[in-house]
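Working notes, structure below.
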Amino acid sequence: MMILGLVKWMQPVHGYDVRRELLSWSADKWANIQPGSVYHALRKLTEEGLLRAVATEQVGGRPARTTYEITEKGADEFETLLRGLWWQLQEPTDPFTAAFSFLPALPREEAAAALRNRAMLLRAGAESMRAAIDSEWMRTTRPVHVGWIFELWSARSEAEIAWCERIVERIESGVSYLPAGLVGGENWVERQQRTAEPGDFSTQ
């Protein structure tokens, strides 16, 4: 969707300019678009009839550049994808959630330290986003709504920072992770340690 939208917005446009624009948006970090895949994606979209190549030019010894435009089919596809993402809620995949599911596998001290570290990294990111929102770069070179996206990311970071701090307090207070008697409960780490002890056959 991102590439279709940028070609529609900037057309006629070279692949180099599409790639540069995506990098200026840091789309490689939040849209799962790698800069090196842009040219392949442009060719694939052209093969599918969503884009068309309108010219190819070469200046001096530089690589040839192809100029693209969106087709009617491509514009329809962009509108479909755009409205689908606007009107549907899709939860982002977060590997940390999988790791947190095994909280009892970590010593409490390590879990608390890891969450403090996560909060520190999130805080640094939030501060960077706030600086970007207030920067001359944002005010003079970016559309206003780009700043609103940064506000959303900052708000999400602040919410997770607060969550990390709450969970650290609960972990350090010794609150039980699981209901009494639930298999695989509080003694997970201790059982793992006993299993690893040489000559201990009681847990094998």
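The values are calculated or read from the model by the stated rules, or taken from the named source; none is laboratory data. Computed from a predicted structure; not experimentally measured. Cβ placement follows ideal geometry from the backbone for every residue including glycine, while neighbour counts extend to all protein chains displayed. Note: accessible area is taken over every heavy atom of the protein model, side chains too, but ligands, DNA and RNA are not part of it. Shrake-Rupley method; radii C 1.70, N 1.55, O 1.52, S 1.80 Å.
Residues that are open to solvent by less than 60 Å² (accessible area, probe 1.4 Å) and assigned to a loop (DSSP other than H, G, I, E, B) were ranked within the stretch 175-193; the one that is modelled with the lowest pLDDT is Gly185.
With respect to Glu160, determine if the residue is out of contact with any strand residue (DSSP E or B) (no Cβ under 7 Å at 6 or more places or on another chain) and closer than 27 Å to Leu178 by Cβ. Here the answer is yes, as Glu160 does meet what is asked. Trp30 satisfies every condition listed in (1) in contact with a Phe, Trp or Tyr (Cβ under 9 Å, 6 or more places away or on another chain); (2) at pLDDT 80 or above except (2).
Among the residues of the stretch 133-162, those that are within 14 Å of Ala119 (Cβ to Cβ) and under 19 Å from the mean Cα position of the chain (by Cα) comprise Arg156, Ser157, Glu158, Ala159, Glu160, Ile161.
Scanning the stretch 38-77 for residues that are assigned to a loop (DSSP other than H, G, I, E, B), under 19 Å from Glu21 (Cβ atoms), at pLDDT 85 or above and over 27 Å from the mean Cα position of the chain (by Cα) yields a total of 0. What residue, of Glu172, Glu160, is open to solvent by 90 Å² or more (accessible area, probe 1.4 Å), touching a helix residue (DSSP H, G or I) at 6+ places or on another chain (Cβ under 8 Å) and modelled with pLDDT of 85 or more? It is Glu172.
In the stretch 81-98, how many are open to solvent by 70 Å² or more (accessible area, probe 1.4 Å) and among the acidic types (Asp, Glu)? Residues meeting the conditions: 1. Among the residues of the stretch 99-123, those that are part of a helix (DSSP H, G or I), open to solvent by 60 Å² or more (accessible area, probe 1.4 Å) and over 14 Å from Ile167 (Cα atoms) comprise Ala99, Met120, Leu121, Arg123.
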